[in-house]
Every structure is written in structure tokens, then in C-alpha cells.
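The values are calculated or read from the model by the stated rules, or taken from the named source; none is laboratory data. This structure is a prediction, so every number in the text was calculated from the model and none was measured. Every residue, glycine among them, receives a Cβ derived from its backbone with ideal geometry; neighbour counts consider all protein chains shown. Quick note on the areas: whole protein, heavy atoms, side chains included, nothing else; ligands and nucleic acids left out. Shrake-Rupley method; radii C 1.70, N 1.55, O 1.52, S 1.80 Å.
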Amino acid sequence: MSAGHLRHAGWIRTGIVAGLVGLLELACRLGWLPRRTIIPPSEMVSELVRLLLRDEYWGDIQATLTSVAVAFGLALILGFAAGVVIHALPRFRRALDPFLATYYAVPFFAFYPVFIVLFGIGRAPIIVVGVLFGVVAMIIATLNGLDRIPKALTKTAAILHLSPLDTALNVKLPAALPYLFTGVKLSIAYAFIGVIASEFILATDGIGYEIAYAFNNFQNGTMYALMLFIIVLVTCVNAVFHRFEQRLIRRRSR
Amino acid sequence: MRRVLDTGLLIVALGVIWHVLAISTSEALVTPAETIQRMMAQWRNPRFLPHVLETLNAFGLSLLFSVVGGLMIGLPLGLNRLGRAVAEPILVSIYSLPKITLYPLILLAFGLGMPAKVAFGTIHGIFPVALFAMNAVANVAPVYLRTAKVLRLSYPEALRTVVVPAAIPEIVSGLRIGFSLTMLGVIIGEMFASQRGLGFLLMNAIGLHDIATMLSVILQITIFAVIGNTLLLWLDRKLKAKL
């Protein structure tokens, strides 16, 4: 396959996605899919525009996004720090391995009610769940990144008599960066999952809460509009990170 | 052996931390001992086992769909550069969507019960399996593929005898992530879309604020997941060592 074909990949992808959305629209309009199950994508969009023009949901959007941002930031810092510490303790790390590998099978948002008792009602317990979900992806990525620093680089740093701080900042960090970035990308995806899942369970605001509320009250229009909002938002955030990562990888292979 | 001992020590340490936390936050948590007592009480109750079997059943089916479906998507795409270039961003973005958002859609489409849980487990597990399989196949040394061509192997033959064996360690890594996420998906599905299973018991316990049952169920899910993952991790290491 020539590189020429690959240049068109973006267009083909756009075509496929547009085709699928068009097919869904058609299936809804022709009544193949019942209205009580799903509404046409065009109605989701117009409903979303209508909702965003009114003030009703901006508070929820703000609450959810703020929680995700705080949880993501904390997960990055804590995950990186924990990763560095665990990497320095190989015996502890080997013992920890099976738990890190299984971590994401455990529905940690089930602890949300416990956190409500511990941290009170409000955004704090939701943020804690977001951090819990995001932090381990960052720990795993940090361990992986530190593992993959080429020996030649650390040896060169030793020969050049770089101080430990200089070695860490100017040699180790850049070498581990692409792997760290994988963790960053996963962390934000998991922070979203943790925050929205908690909002589904017991919250009093946030987009997750509003989707569950609309579902329980048979407001399919509102529900699908808000679901679309989350999907588009998360896809855009991921796309930005993905692009950034590609650039990092390209710069590295040069 | 020392490794097992270390993990054992870690479990004891975690138990001690849990115990101290439980004592210092009287209302929010119960101690490990109380949780294990509750677990034993649950197993003595004849109504508990059907919930466990229900969850295992849903998990088994979801895992089957995730693995078969994921490989069917991932293997052919990995062999086709254009297909991979087109599909990868789509798969990656679906993989990282908070799929819990989709639970109303799944409920409306499948109704309450087994099909909804299996669908929920499958949408969690299928994409990581597909992504890992795709990248595993794409990273197979071109020399193997050319050899398959020279030997005039048919497409299915080449997949079965050359591509999959060469890519198997990475495929197993994908299965491991698929295993965890399928588990998570099934439990979430049960929490929101079911009247049976461990996830339902968990949601019920959350509603009743029955901390002992909550922790007991979470602990059992964790134990099951750790065992499954450790087996796959062991298989993973073994396969990688063979290469």
C-alpha cells in the first residue's frame, strides 16, 4: 500500500462516520428504530442547541468539568509521584504488580457512598472517585516510562557528571515523556468515567445526574442531547491529546 | 516464592490499613473481620449463590463476545495499513469514552436483564481487545508475512499459522485489559440495569447504606479479578519468555 492511500485515511474515516450517522438518521426517520428507544441524530443536535441556549444546564456542565479537571490534575501529580517512589522500590513493586494489573476491574465508584460519609455531600467525594480512577493509569505509565529509559542515556549522564536533579530533569524526563503521555491520556479518560459514574449514583447535580434524571422521567430528547454533549466533548478532548502525542512521537523518531 | 510472600505481606499491610481506617471513621467503614463475617453469612444464605452464578454467566458471555468480536475486528485491520490508519482513531476514541453514559441507550434497547448486562460488558471489553490485536498484528515482522506469501498460504491459513502465533503475547496483553474492563462493564450493567447479580446486590447495599455488604461484594469482585488477572499475567510472561 502506498503512502498516497494513507493520506486519504482522514477523509475515508470522516466518510465512514458520516455514513453511519446518516444511516442512524434514516433508520430513525423510517421507523426501523422505535422513537422510545432512540431519536434521530439531527433531533439530538437541535435539542442540544436548544438546551445550551437556555441557562438550565450550564451549572451542571461547569460542575462536571471542574470536577474532572481537578481529579485529572490530582491524578497526574499523585500518580507520577507514586510511580517514581514505587519504581525505586523493586521488591514492593513486584508484590504490588497483580493489584495494579487488576485495578480497573474493580468498580471503585461503588465506594462513593462511603466517601460521602467521609467527605460530606458535594463535589469532594465525586472528585475523590475521579482521582481513584485516574491515578493508577498514571502510576502504570510512569513505571513503564522509567523502565524504558535507555541505559546508554543514564550512563552518558553519569560520564558527564550531571547532578541527580539534572539527570532527572534533562535526561530521564524527556526519555520517559512519550510513555508518561500515554498515562496522561488514559488519566483524563478515566477521570471522566469516575466523575460521571458517581454522578449517576447519588449526586444532586452534574451532567451524569441530569442524564439519569431525564432517563427516569422519560425525557428522551434531553437525555440524548446530554449524552451527545458528553460524547462529543470527550472525543474532542481525546483528539487534542492524541494529536499532541503523535507530535511527541514524531519529534522523538527524528 | 519470595514474590508470593511479598504479595502476602502487602495484603496483610492493606488489611491493617483498612482496619485502622475502619476504626477511626466508625460510621463510614466496617473492619475487614466484619466484612469477612458478612461474606461467610452471604455464602450460607441459599439466595446468594444464584446472584454469583448470574454474574459469572453474564461475565462469561460478555468475555466470549469481547474476545471473538475484538479479534475479528482487530486481526484483519492490523494486516491492512489503510484499514488501520482509518480505524485506529475511531477505536481509540470509543475505547476512552465514558461508556457508562450509554447505559440509558442499552437499557432502552435491551430492557432489564441478561442481554443488557452482556451488551454492557461487551462494549467495555471488545475495543481494547480489538486495539491490542490490531497493533500486535501490525507489529509482526514483515519477514514472516512475506514468508507466508511465498508459501502461498491462504488468508485464514496465514492468520492461523503465522500472524496469530507471532502476535500472541501482545494479544494476551489485550485480553488482560479486556478481562478487567469486561468485568467492570458487567458489574456496572448489573448496578444500573438488573434485578440480579453481584452488581445488583452492590447497588442495593448502596441504597440501604449497608456498608458490610458493599465491602463484602467489592472484596469478592476484587478477589475474582485478581485471580483471573494473575493467571493471564502468568500466561503473558510465559509466552513472552518463549519468544
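Can you tell me which residue among A:192, A:181 is open to solvent by less than 20 Å² (accessible area, probe 1.4 Å), touching a residue at least 60 places away in the same chain (Cβ under 8 Å) and assigned to a helix (DSSP H, G or I)?
Working: A:181 fails: open to solvent by less than 20 Å² (accessible area, probe 1.4 Å).
Answer to the selection: A:192.
Go through the range B:96-124 residue by residue and tally those that are more than 8 Å from chain A (Cβ to nearest Cβ) and aromatic (Phe, Trp, Tyr).
So the count comes out to 2.
With respect to the numbered conditions (1) open to solvent by 10 Å² or more (accessible area, probe 1.4 Å); (2) touching a residue at least 40 places away in the same chain (Cβ under 8 Å); (3) facing chain A (nearest Cβ under 10 Å), which one is the sole condition not fulfilled by residue B:209?
Only one criterion is unmet by residue B:209, namely (2).
Of all the residues that make up the range A:201-224, how many are out of contact with any Pro (no Cβ under 7 Å at 6 or more places or on another chain) and either in contact (Cβ under 8 Å) with a residue 40 or more places away in the chain or not in a helix (DSSP H, G or I) (or both)?
Just the residues of the range A:201-224 that are out of contact with any Pro (no Cβ under 7 Å at 6 or more places or on another chain), to begin with: A:201, A:203-210, A:212-214, A:216-222, A:224.
Among the residues that remain, those that are also either in contact (Cβ under 8 Å) with a residue 40 or more places away in the chain or not in a helix (DSSP H, G or I) (or both) are: A:201, A:203-210, A:217-222, A:224.
Counting residues in the range A:201-224 that are out of contact with any Pro (no Cβ under 7 Å at 6 or more places or on another chain) and either in contact (Cβ under 8 Å) with a residue 40 or more places away in the chain or not in a helix (DSSP H, G or I) (or both) gives 16.
Mind checking which residues of the range A:24-49 are over 17 Å from residue A:228 (Cα atoms) and in a helix (DSSP H, G or I)?
A:26, A:27, A:29
Consider residue A:95 carefully, then state whether it is open to solvent by less than 50 Å² (accessible area, probe 1.4 Å) and over 22 Å from residue A:191 (Cα atoms).
yes
Per-residue answers, yes or no, for (1) at pLDDT 90 or above; (2) in contact with a Lys or Arg (Cβ under 9 Å, 6 or more places away or on another chain):
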position	(1), (2)
A:19	yes, no
A:36	no, no
A:63	yes, yes
A:72	yes, no
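List the helices (runs of 4 or more DSSP H) inside the range B:1-118, counting only whole elements, that have at least 1 residues being in contact with a Lys or Arg (Cβ under 6 Å, 6 or more places away or on another chain) and exposed (fewer than 14 other Cβ atoms within 10 Å of the Cβ).
On the way: elements: B:2-24, B:32-44, B:48-79, B:81-95, B:103-110.
In the range B:1-118, B:2-24 are the helices (runs of 4 or more DSSP H) which contain 1 or more residues that are in contact with a Lys or Arg (Cβ under 6 Å, 6 or more places away or on another chain) and exposed (fewer than 14 other Cβ atoms within 10 Å of the Cβ).
Which of the numbered conditions does residue A:69 fail, given that it passes all the others? Conditions: (1) over 17 Å from residue B:98 (Cβ atoms); (2) open to solvent by 30 Å² or more (accessible area, probe 1.4 Å); (3) of a type outside the set (S, T, N, Q).
Of (1) over 17 Å from residue B:98 (Cβ atoms); (2) open to solvent by 30 Å² or more (accessible area, probe 1.4 Å); (3) of a type outside the set (S, T, N, Q), only one is false for residue A:69: (1).
Quick check on the range B:194-205: of everything there that is outside any loop (DSSP other than H, G, I, E, B) and either touching a strand residue (DSSP E or B) at 6+ places or on another chain (Cβ under 6 Å) or open to solvent by 10 Å² or more (accessible area, probe 1.4 Å) (or both), which residue is nearest to residue A:202 (Cα to Cα)?
Start the filter on the range B:194-205 by keeping residues that are outside any loop (DSSP other than H, G, I, E, B), which leaves B:198-205.
Narrowing further to those that are either touching a strand residue (DSSP E or B) at 6+ places or on another chain (Cβ under 6 Å) or open to solvent by 10 Å² or more (accessible area, probe 1.4 Å) (or both): B:198, B:200-201, B:203-204.
Numbers: B:198: 19, B:200: 15, B:201: 16, B:203: 11, B:204: 13 Å.
Applying the filter and picking the extreme gives B:203.
Only residues in the range B:31-54 that are without any contact (Cβ under 8 Å) to a residue 60 or more places away in the chain count as the first member; pair them with residues that are exposed (fewer than 12 other Cβ atoms within 10 Å of the Cβ) and aromatic (Phe, Trp, Tyr), Cβ under 9 angstrom, at least 6 apart or cross-chain, and list the lot.
Here the result reads none, with nothing in the range B:31-54 linked to a residue that is exposed (fewer than 12 other Cβ atoms within 10 Å of the Cβ) and aromatic (Phe, Trp, Tyr).
Given the residues A:116, A:121, which is the only one that is within 14 Å of chain B (Cβ to nearest Cβ), surrounded by fewer than 14 Cβ atoms within 10 Å (Cβ to Cβ) and in contact (Cβ under 8 Å) with a residue 60 or more places away in the chain? Even if it seems obvious, please write down each step before you answer.
Values: A:116 fails: surrounded by fewer than 14 Cβ atoms within 10 Å (Cβ to Cβ).
Among A:116, A:121, only A:121 is within 14 Å of chain B (Cβ to nearest Cβ), surrounded by fewer than 14 Cβ atoms within 10 Å (Cβ to Cβ) and in contact (Cβ under 8 Å) with a residue 60 or more places away in the chain.
Taking interchain pairs and intrachain pairs at least six residues apart, which have beta carbon atoms under 8 angstrom, with the first residue in the range A:85-101 and within 7 Å of chain B (Cβ to nearest Cβ) and the second of a type in the set (A, V, I, L, M) and open to solvent by 80 Å² or more (accessible area, probe 1.4 Å)?
If the second residue must be of a type in the set (A, V, I, L, M) and open to solvent by 80 Å² or more (accessible area, probe 1.4 Å), the pairs left are A:95/B:9.
Tally the residues that are open to solvent by 60 Å² or more (accessible area, probe 1.4 Å) and on the phi < 0 side of the Ramachandran plot, restricting the search to the range A:129-165. Step through it out loud before you land on a result.
Step one: filter the range A:129-165 for residues open to solvent by 60 Å² or more (accessible area, probe 1.4 Å), giving A:140, A:147-148, A:151-153, A:155-156, A:158-162, A:164-165.
Okay, now just the ones that are also on the phi < 0 side of the Ramachandran plot, so A:140, A:147-148, A:151-153, A:155-156, A:158-160, A:162, A:164-165.
Qualifying residue count for the region: 14.
Among the listed residues B:189, B:185, identify the single one that is under 14 Å from residue B:67 (Cβ atoms) and within 14 Å of another protein chain (Cβ to nearest Cβ).
Values: B:189 fails: under 14 Å from residue B:67 (Cβ atoms).
Answer to the selection: B:185.
Please work out which one of (1) open to solvent by 30 Å² or more (accessible area, probe 1.4 Å); (2) facing chain A (nearest Cβ under 10 Å) is the condition residue B:153 fails and give its number.
All conditions pass for residue B:153, except number (2).
Return the total of residues in the range B:119-142 being out of contact with any Gly (no Cβ under 6 Å at 6 or more places or on another chain) and either of a type in the set (S, T, N, Q) or in a helix (DSSP H, G or I) (or both). Reasoning before the result, please.
Let us first name the residues in the range B:119-142 that are out of contact with any Gly (no Cβ under 6 Å at 6 or more places or on another chain), namely B:119, B:122-123, B:127, B:131, B:135-136, B:139-142.
In the following step, the residues that additionally are either of a type in the set (S, T, N, Q) or in a helix (DSSP H, G or I) (or both) were identified as B:119, B:122-123, B:127, B:131, B:135-136, B:139, B:142.
Counting residues in the range B:119-142 that are out of contact with any Gly (no Cβ under 6 Å at 6 or more places or on another chain) and either of a type in the set (S, T, N, Q) or in a helix (DSSP H, G or I) (or both) gives 9.
Please go through the range A:102-113 and pick out each residue that is open to solvent by 30 Å² or more (accessible area, probe 1.4 Å) and not hydroxyl-bearing (Ser, Thr, Tyr).
Scanning the range A:102-113 gives A:108, A:111.
Given the criterion within 30 Å of residue A:60 (Cα to Cα) and in the same structural domain as residue A:244 (by TED's automatic domain parsing), identify the matching residue among A:186, A:146. Working first, answer last.
Details: A:146 fails: within 30 Å of residue A:60 (Cα to Cα).
Testing whether each residue is within 30 Å of residue A:60 (Cα to Cα) and in the same structural domain as residue A:244 (by TED's automatic domain parsing) leaves just A:186.
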